[in-house]
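Accompanying notes for the structure given below.
Derivation of every value follows stated rules applied to the coordinates shown; laboratory data play no part. This one's a predicted model, so the numbers in the text were calculated from it and none came from an experiment. No Cβ is skipped: glycine too gets one built from the backbone with ideal geometry, and neighbour counts run over all protein chains shown.
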Amino acid sequence: MATNTGFTLWLTGMSGTGKTTTAAYIAARLRQVGRNVEVLDEGELQNDLWAGIGDTKDERNMVVRRLGFVAGLMARNGVAVLVPCVSPYKSSREEVRRSVGKYVEVYVDCPTEKLIERDTTGKYKKALNGEIPNFIGITEPYEPPTSPEVTIYSDTESVEDGGTKIFQALLDLGLMSTDELKTITGKKMKANPLPPKKARRDEEDPPARVAAVKAAKAPKADKGSKGAKARPATRAARVGKPAPAAKKKAAKGKAR
């Protein structure tokens, strides 16, 4: 049974990673179960939403904000909105996440070498030759997501494999039902609720993991019997001096 839960599925990644192909696949499957779906493709909407806007960082962020605004309007009215967009900067993506609410970030990853190798448009070659300025990934940096809900490795995973990961995330987040996904995938999928965003970031942060391991291995103070408080060391013991009782005993020995 179709539901009217709206959400925004934001596919970010460098040019040529397969964002549009993945979005088209997901859209077709969502329509199978009667979902209202719209695809806001960055390349297709350029003339309508930001004709004449350049490709500086501020202008790229403006494009992301505009796409996010439209996606948010539709999502809150029960539409599943898919947005394949390079969106290279973390700050603008996080801004959209905060404004949209039901936001699922999909990072479509692929090594730059592979993108250059399989590029059919010639854009990467032109960028390398200096013919295209401000080209993301070549002359301008791409900032990958820190903790996306889904990461797809398009150089090694098929569109179907990537789609399964996305559907699992939608199920985990309560944005799709098991019945819908059984119709789409042909199998019963079980929900595995995702940890909070901060927890996912900590899991992906090596220093945080190292700190957690060290804390777990650190020796704990002996608290004695249940409910008893650990006895604090005396000042003498802390500085390595004999305790008062030991001093008295030594003084008696001298007197004899």
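For a label point 7 angstrom out from the Cα of Ile116 toward its Cβ, which stretches of segment 11-47 have the backbone nitrogen within less than 12 Å?
Label zone hits: none.
Each residue of segment 30-36 in turn: what ³J(HN,Hα) in whole Hz from Karplus with 6.51, -1.76, 1.60 and θ = phi - 60°, glycine and Pro shown as x?
After applying 6.51 cos²θ - 1.76 cosθ + 1.60, I find 5, 5, 4, 9, x, 6, 7 Hz.
Can you list, largest first and rounded to whole Å, the semi-axes you get for segment 7-208 by taking the square root of 5 times each eigenvalue of its Cα gyration tensor?
27, 19, 18
Long-range amide H contacts for Phe7: which residues qualify at under 5 Å (H placed 1.01 Å from N, peptide plane, sequence gap of 5 or more or a different chain)?
Under 5 Å from the amide H of Phe7 lie the amide H atoms of Val79, Ala80, Val81, each far enough along the sequence or on another chain.
Could you go through segment 82-97 in sequence order and give the Karplus-derived ³J(HN,Hα) for each residue, using 6.51 cos²θ - 1.76 cosθ + 1.60 with θ = phi - 60°, rounded to whole Hz, and x for Gly and Pro?
Here the 3J(HN,Hα) series is 10, 10, x, 8, 3, 5, x, 10, 4, 4, 6, 5, 5, 5, 5, 4 Hz.
Report the FRET efficiency, 1/(1 + (r/R0)^6), for Thr178 and Arg76, where r is their Cβ-Cβ distance and R0 is 30 Å, rounded to 0.05.
Here the calculated transfer efficiency is 0.80.
Under a point spin-label approximation (7 Å from Cα along Cα-to-Cβ), what is the Arg98-Asn4 distance to one decimal in nm?
Calculated label separation equals 3.1 nm.
Roughly what would the spin-label model give for Arg65 and Ile132, points 7 Å off Cα along C-beta, in nm?
The modelled label-to-label distance comes out at 2.6 nm.
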